[in-house]
Structure formats: structure tokens, C-alpha cells
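The values are calculated or read from the model by the stated rules, or taken from the named source; none is laboratory data. Being a predicted model, the structure only gives us computed values, none of them experimental. Cβ sites come from the backbone with ideal geometry, for glycine too, and all protein chains shown count toward neighbours. Protein only, heavy atoms only, side chains kept; ligands, DNA and RNA dropped before computing areas. Shrake-Rupley method; radii C 1.70, N 1.55, O 1.52, S 1.80 Å.
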Amino acid sequence: QVQLVESGGGLVQAGGSLRLSCAASGRAVSNYAMGWFRQAPGKEREFVAAVSRSVTSTQYADSVKGRFAISRDNAKNAVYLQMNNLQPEDTAVYYCAARLSLGVVVPTSDYNYWGQGTQVTVSS
């Protein structure tokens, strides 16, 4: 079992930045592929970014490419999402997820473990 806790969300103006953190416990996150997802009101949860367990591979949704960066620190059992140039359409609850996998994992349904989420609100 892996427990995930997100933090770092908040209210920011358009063009601003936030850094989300995901702290893992229970198992070493170094064995897991990690991802970030988001869900806006009335919409389905969608993929944002993912990183392989060895940090050699990353993947991003087209909507966040060039603005968001996923990283991980296996020594700290943590994963991060740096979000720059935030826009109102980025407003959502952001979730951290983990899957016991070597490579990058994209599909929402492939992830086994989820955090409770952290709210990100971007004002125009």
C-alpha cells in the first residue's frame, strides 16, 4: 500500500506559478511510476503529467506542455509538479497517483493509488 498526500495548491492570478508536492508513505516511491491528474467541476479526471520510476521518461498533456514540469525525489519519497504561467482553465483539483511500473503510465485507469487532491484556483 502506498499513501499519497498532495499539498501546495491555492489561489493564484493568471500568469502566476505554483508548485505542488506529493508526499508518499508506506512503500518506497522509487518502485512506482508517478502521475499528476486534475479534475475540474463537471468534468472527468484528466491526465496532466507522468514520470517513470527512474526519472528517465516524462510525458505531458498537450495543454500543459512548456508550462508544467514534473519531477521526483526518490530519496525524499516525493513527486512535484511545477506549474508556471497558470491560466483560469487550469483551475481544478489536482491529484497525485502511483502505479507499480517501470515506464511512464498515462491512462487514469492504470493507476492503483491516489491522493485526496489539492485545489488549484486561477483567477483572471
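Rolling a 1.4 Å probe across the protein heavy atoms gives the chain an accessible surface of 49 Å² per residue. Here the Kirkwood formula puts the hydrodynamic radius of the chain at 14.1 Å, using every distinct Cα pair.
Note on VAL55 and SER30: their simple-model spin labels are 1.1 nm apart, each label 7 Å out from Cα toward Cβ.
Compute, for the chain, the length of the dipole vector about the Cα centre, with Cβ point charges of +1 (Lys, Arg) and -1 (Asp, Glu) only. Units Debye, rounded to 20.
Values: 11 positive and 8 negative charges, 59 e Å.
Computed about the Cα centre, the dipole is about 280 debye.
Quickly rank 42-53, 7-18, 23-34 as a protection proxy: mean count of other C-beta atoms within 10 Å, highest first.
Highest mean packing first, the order is 23-34, 42-53, 7-18.
For the range 1-104, with all protein chains in place and a probe radius of 1.4 Å, 46% of the accessible heavy-atom surface sits on carbon or sulfur. Cα centroid separation, the range 20-75 to the range 81-97: 11 Å. Gain on full extension, evaluated as 0.36 nm per residue between VAL5 and SER124 minus their Cα-Cα distance, stands at 40.0 nm.
Charge tally for GLU46 (other residues, Cβ to Cβ under 13 Å; Lys, Arg +1; Asp, Glu -1): -1.
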